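What follows is a single structure, written as structure tokens, with notes after it.
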Amino acid sequence: MKDLILNFDDENDSGFLIKFGKAQYLKDIQNGKLRFTALDYYRNFKAMNANATNAIADEAEGVSCISYRIEHTVFTFQHPALGSNPVNITSEIKCFKDFPNYRKYIVAFSYFTKQDVIQQSIFSDKMLENSEWDSVLFIIDSAGFVKKLQSACASYNFRYGKVTYTDYEAPVLNADEFNKSKEYSYQKEFRFSLEYKGKNSNSFENSPFLTVQFEKIASVIIPAKEFRNSFLVEK
């Protein structure tokens, strides 16, 4: 195929969106159908798929705060139902994580910039380790794609932006669906999030997926192992 030659307005802030996945699923997006996934689907993925090694199995997905027990603090519990001696429960308290009951759904893309093309750092080799991600959907008109989604999601609480990667081994406060553990930083995520607030919102409470249809935009699907070699840099 012909190599792609791109122009950017700046080196670091503007760029393009790509999505890894199976070609069949990526074709749905290419044809104007985007599936959002409930946050708790990712948290429960490993429990529901014991043998899975899929990178989407993030048990801390959507966490808002993480607090850890201070080692010198002792917790005891005493009640007549347990007799006269208090029970030391310190060892049972290791870490507390709060997952607000949001009706939020997300879909994740990756992004790259002009500097990534120049430095050949469009995406990490770790992205190729997932057997489910054999193809890349390259959103050539990424700005148009965002605008189309905004229009399609007018009845939702719609947000988007780059993911911030945080050290989850330390206490975390005021996080949201745009925060993830730094162990996933190689994914370079750009996320879209929505929260359905329509009159039929209760019907989505037990649904792990929500599909949005939008006007098609310029894009191409390429085998993941061939994507990085399809760029030319002209100086």
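Details
- Only beta bridges with both residues in segment 138-194 are counted; by DSSP, about 60 percent of them are antiparallel.
- Shape of segment 117-196, Cα gyration tensor, a/c cut at 1.5: oblate
- For peptides 78-87, 148-157, sequence by mean Cβ density within 10 Å, most packed first: 148-157, 78-87
- Relative contact order of segment 101-208, defined on C-alpha pairs under 8 angstrom at six or more residues apart (%): 42 percent
- Bridges between two residues of segment 103-200, per DSSP, are antiparallel at a rate of about 80%.
- Global geometry of segment 102-235, whether rounded, prolate or oblate, following the gyration tensor of its Cα atoms and the 1.5 cut on a/c: oblate
- Using the Karplus relation 6.51 cos²θ - 1.76 cosθ + 1.60 with θ = phi - 60°, the per-residue 3J(HN,Hα) values for segment 174-190 come to 6, 7, 8, 6, 9, 10, 9, 5, 5, 5, 9, 4, 5, 6, 6, 7, 10 Hz, with x marking Gly and Pro.
None of the figures in this text is laboratory data; all of them are computed from the coordinates on show. A quick note: this is a predicted structure, and the numbers were derived from the prediction, not measured. Here Cβ is always computed from backbone atoms with ideal geometry, including for glycine, and neighbour counts include all displayed protein chains.
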